[in-house]
Amino acid sequence: MFAICLGSWACTRATPEPSLTGSPLPDGGRVDVGGFELAWRCHGEGSPTVILDAGLDTAGTSEWFDFLPQFETVGTRLCTYDRAGKGSSDPRPPGGAAPTAASEAEELHALLNGADIDPPYVLVPHSYAGLIARVYADRYPRDVAGFVFEDVSTAWEIDLWPRWDDSPWIDGGVRTDIDATERQVLDAIPLGRRHSAYTEGETSGAA
C-alpha cells in the first residue's frame with residue numbers, strides 16, 4: 001500500500017467538524033450525470049467528507065461498503081460510488097467517446113453536486129482511481145482538502161504496464177482511452193503546488 005496525505009486536515013487535524021444539519025443526511029441514491037445515473041452510498045456525518053473510489057472495473061459499493069461502518073468512530077462522513085457500468089450504476093450511452101480520467105472526474109463532480117455531498121473532500125482512490133483523483137484535484141482544487149492514496153496507478157505506470165500485461169484498460173465494461181488519460185494526468189499541476197494554492201486561498205479568504 002502506498003499512502004500520501006496532503007492538507008491540514010488529512011495530516012494534522014485531530015477532530016473532524018460535526019455536521020451542522022438538523023436532520024439525518026441521506027445514505028444513498030442515484031444521480032443523473034449526463035444521460036445516465038451513478039449510484040452512491042454514504043455512512044456517518046461530519047466534515048470533511050471522505051470519498052472512497054474503487055480500482056479499475058470495480059464497483060465502489062462492493063469494494064468499500066464493508067469498510068464504511070468500521071469508520072464510525074472517525075466522526076466524519078464517508079462516501080463511495082459505482083462508476084458507469086459497475087454495480088448499480090448505469091452504463092454510458094452507446095456511441096459516446098471512450099472514458100478518460102478527465103471524463104470520469106467530471107462524472108464524479110456531477111455526482112457529488114447532484115447528491116448534495118458538499119466539499120471539502122479527502123479523496124481516497126485505489127489503483128486506477130488515482131488517475132481520476134489527480135485530474136479531479138487539478139480541476140477542482142478548492143474542493144479537495146487532502147488525499148490518501150491506496151496503491152494507486154500513476155502516469156509512468158501506463159507506459160510500463162504493457163511489459164507485463166498488454167490487455168486494454170477496461171472500466172465498467174468499456175475500453176478507456178488510456179493514452180488521453182496519461183496526457184491529462186501529466187498535464188495536471190503537481191499536487192504540492194496545487195495544494196499550496198488551495199491552502200493559501202483558504203487562508204486569505206478567511207482573513
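The values are calculated or read from the model by the stated rules, or taken from the named source; none is laboratory data. These numbers come from a predicted model, not from an experiment. Note: ideal-geometry Cβ built from the backbone for every residue, glycine included; neighbour counts use all protein chains shown.
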Inset, instruction - Would you be able to tell me the number of residues in the range 59-104 that are touching a His at 6+ places or on another chain (Cβ under 8 Å) and assigned to a loop (DSSP other than H, G, I, E, B)? - result: 1
Inset, instruction - From the list LEU111, LEU131, pick out the single residue that is more than 17 Å from ALA180 (Cα to Cα), crowded, with 23+ Cβ neighbours inside 10 Å and at pLDDT 95 or above. - result: LEU111
Inset, instruction - Would you check if THR58 is farther than 26 Å from PRO190 by Cβ and among the β-branched types (Val, Ile, Thr)? - result: yes
Legend entry - Residue in the range 156-177 that is of a type in the set (Lys, Arg) and modelled with pLDDT of 95 or more present: yes
Legend entry - Subset of the range 114-128 [part of a loop (DSSP other than H, G, I, E, B) and in contact with a strand residue (DSSP E or B) (Cβ under 8 Å, 6 or more places away or on another chain)]: ALA115, ILE117, ASP118, PRO119, PRO120, SER127, TYR128
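Listed here are the residues, each with its yes/no results for (1) within 22 Å of GLY34 (Cα to Cα); (2) among the acidic types (Asp, Glu).
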| position | (1), (2) |
| --- | --- |
| PRO93 | yes, no |
| ALA98 | yes, no |
| GLU104 | yes, yes |
| ALA110 | yes, no |
| TYR136 | yes, no |
| ARG139 | yes, no |
| ASP143 | yes, yes |
| VAL152 | no, no |
| TRP169 | no, no |
Inset, instruction - Go through the range 72-88 residue by residue and tally those that are over 17 Å from THR176 (Cα atoms) and either modelled with pLDDT of 95 or more or within 18 Å of the chain's Cα centre (by Cα) (or both). - result: 8
Legend entry - Condition met for GLY22 (at pLDDT below 95, of a type outside the set (Phe, Trp, Tyr), farther than 16 Å from SER127 by Cα and crowded, with 20+ Cβ neighbours inside 10 Å): no
Inset, instruction - Would you check if there is a residue in the range 96-106 being of a type in the set (S, T, N, Q) and under 29 Å from ARG183 (Cβ atoms)? - result: yes
Legend entry - the range 145-166 residues that are in a helix (DSSP H, G or I), paired with ones that are loosely packed, with under 14 Cβ neighbours inside 10 Å (beta carbon under 6 Å, 6 or more apart): ALA155/LEU186
